[in-house]
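Since the structure comes first, as structure tokens, the remarks are kept for the end.
Throughout, read-outs are computed from the coordinates displayed, never taken from laboratory work. As the structure is a computational prediction, the values presented were derived from the model and not from experiment. Virtual Cβ from ideal backbone geometry, glycine too; neighbours counted across all protein chains shown.
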């Protein structure tokens, strides 16, 4: 079994961590799977929640690396991010999609869907399927309810522009597992 990822793993640039998360396993209370798509957000990036400074909503981003930053998107969906870099940097990685492998019955029940390819193909979908909510905000990623394991091998990774943002859209900071049918949106 691949080793667990520790908080030290996240104490690096988001641009180093993000591609290394592709192929890693993410479980929350035993439900989850293989990470197939992420997006990096650096504190110098106008699309990052931290770009304009610290607020009660984004305070976790300004803390030490290796913690979950969970926020509500459009007042509808929860989104899970992993805080990276030194405390104060306020950089994070959005988990966009996973290939569900564990806790499928619970994830299908939460999403009311039978098809595995639709369970976690987007940041809001995966949070709903895995039961992630604001109660996970600020929790360490190397302790329960989280379980993160290193990828067993280096997969083929594709990059491209991020999705659903209006600022810095040209940055190629979206990373995905080439050919995965579990992506939120295909890469061009």
Cα gyration tensor category, rounded, prolate or oblate, for region 50-148 with a/c compared to 1.5: prolate
Which value results for Rg/Rh of the chain when Rg is the Cα radius of gyration and Rh the Kirkwood radius based on the inverse mean 1/r? 0.93
Say each of residue 169 and residue 44 gets a label point 7 Å from the Cα, pointing the same way as Cα to Cβ; how far apart are those two points in nm? 2.3
Using Cα centres only, tell me the gap between region 117-188 and region 8-72 in whole Å. 10
Any idea what the relative contact order of the chain is, in percent, if you count C-alpha pairs under 8 Å spaced at least 6 apart? 30
Obtain the nm distance between the two label points defined at residue 178 and residue 52 by a simple spin-label model: each point lies 7 Å from its Cα along the Cα-to-C-beta direction. 4.0
Determine the calculated [θ] at 222 nm for the chain from helices alone, applying -39500 (n - 2.57) to every DSSP H run no shorter than 4 residues and normalising by the residue count; nearest 500 deg cm²/dmol. -3500 deg cm²/dmol
What spacing in nm lies between the two simple spin-label points modelled at residue 135 and residue 86, each 7 Å away from Cα in the Cβ direction? 3.6
Provide the packing ranking of 84-93, 44-53, i.e. peptides ordered by the mean count of other C-beta atoms within 10 Å per residue, highest first. 84-93, 44-53
